[in-house]
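Participant: Starting off with a structure, shown below.
The values are calculated or read from the model by the stated rules, or taken from the named source; none is laboratory data. None of the values given here were measured: they were computed from a predicted structure. So basically every Cβ, Gly included, is an ideal-geometry build from the backbone, and we count neighbours across all protein chains shown. Only protein heavy atoms, including side chains, enter the accessible area calculation; ligands, DNA and RNA are left aside. Shrake-Rupley method; radii C 1.70, N 1.55, O 1.52, S 1.80 Å.
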Amino acid sequence: SGINAEYEAVVSTQSTGKVKRLKHSKRVLSFYEKNFQFRKPYNVLVDGTFCQAALKGKVDILVQVGKYLGGEIHVATTHCALRECFQLGPVLSGAHKILKKFKRHKCGHENAALDAAACFTAMVGAGNPEHYIIATQDSELRKQLRDIPGIPIMYLSACTLFLESPSYKSRDQAEESFLKQDLLTDYEKETIKKMKGNQEEKTAFNRKRKRPKGPNPLSCKKKKSEEGAKKKKKKKKPTESCSGATNEALVKPVDSVQIDAVK
């Protein structure tokens, strides 16, 4: 049971890793399709080092590279790459046999053969007009190709195919071309002009004339007269003493009967 659980865990990690690699390759190829006009079937240019790594990792180039790139591919090589692989002797004899199966693209160096790295650099030129995907294990060649925009680079890690992310040069050129291009078609431009004209006509028709405004009615309110203000004043009440009696009660005269009684 423990062995089966370990096996299932390994298989699950491998499957998730494979899914991630396929998603990564789709993103990279989508970038080159949008910005550098790559189309299927893709042209894959391979050298002897890639064939040697595929032989060691038991990788079928035609089948597995096609699955990894998600479509039909045309695998090719050059006369210079074949010559270099043959000159290296029995060490790369197996790689030479694999390389001979692929179609040879004319490189123009048949009379004076170059090494594979120099030949591939000349094949892609300044802008990679043939839209090659370069498959190589040569680290120096990959470094040189990263300085040229628009070149996808593929290599093998153990027995796993890997497509490099677009280089900084490729990203910079894609950004520059995106900023320069006009994204609107002629039909869209004409439609926008018509819409603007209709909108201007509507605004001109619905526009109202400004009329002079009258005075503020609150500012024209009449001022109160002084006589009216005096009439509305309240009358003062008579003052009361501490005991609560009025001044008139205190001044009231005493009866004469009361005076005689006192006498």
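Participant: Does Tyr7 count as modelled with pLDDT under 90, aromatic (Phe, Trp, Tyr) and either farther than 22 Å from Thr78 by Cβ or open to solvent by less than 80 Å² (accessible area, probe 1.4 Å) (or both)?
Facilitator: The answer is yes for Tyr7.
Participant: Condition test on Ser93, is it open to solvent by 20 Å² or more (accessible area, probe 1.4 Å), among the hydroxyl-bearing types (Ser, Thr, Tyr), in a helix (DSSP H, G or I) and closer than 24 Å to Lys143 by Cα?
Facilitator: no
Participant: Looking at region 15-38, can you tell me whether even one residue there is in contact with a Cys (Cβ under 8 Å, 6 or more places away or on another chain) and open to solvent by less than 20 Å² (accessible area, probe 1.4 Å)?
Facilitator: No, every residue in region 15-38 fails to be in contact with a Cys (Cβ under 8 Å, 6 or more places away or on another chain) and open to solvent by less than 20 Å² (accessible area, probe 1.4 Å).
Participant: On to the next question. Take region 99-148 and flag every residue that is part of a strand (DSSP E or B) and among the polar types (S, T, N, Q).
Facilitator: None - no residue of region 99-148 is part of a strand (DSSP E or B) and among the polar types (S, T, N, Q), so the list stays empty.
Yes/no per residue for (1) without any contact (Cβ under 8 Å) to a residue 12 or more places away in the chain; (2) open to solvent by 50 Å² or more (accessible area, probe 1.4 Å):
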site: Pro152; (1), (2): no, no
site: Ala158; (1), (2): no, yes
site: Leu163; (1), (2): no, no
site: Lys169; (1), (2): no, yes
site: Ala174; (1), (2): no, no
site: Leu179; (1), (2): yes, yes
site: Tyr187; (1), (2): yes, yes
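Participant: Are there any pairs, at least 6 apart or on different chains, whose C-beta atoms fall under 7 Å, with the first in region 116-129 and within 15 Å of Val44 (Cβ to Cβ) and the second charged (D, E, K, R) and open to solvent by 30 Å² or more (accessible area, probe 1.4 Å), and if so, which?
Facilitator: Once the first residue is within 15 Å of Val44 (Cβ to Cβ) and sits in region 116-129, its partners that are charged (D, E, K, R) and open to solvent by 30 Å² or more (accessible area, probe 1.4 Å) give Ala116/Glu84.
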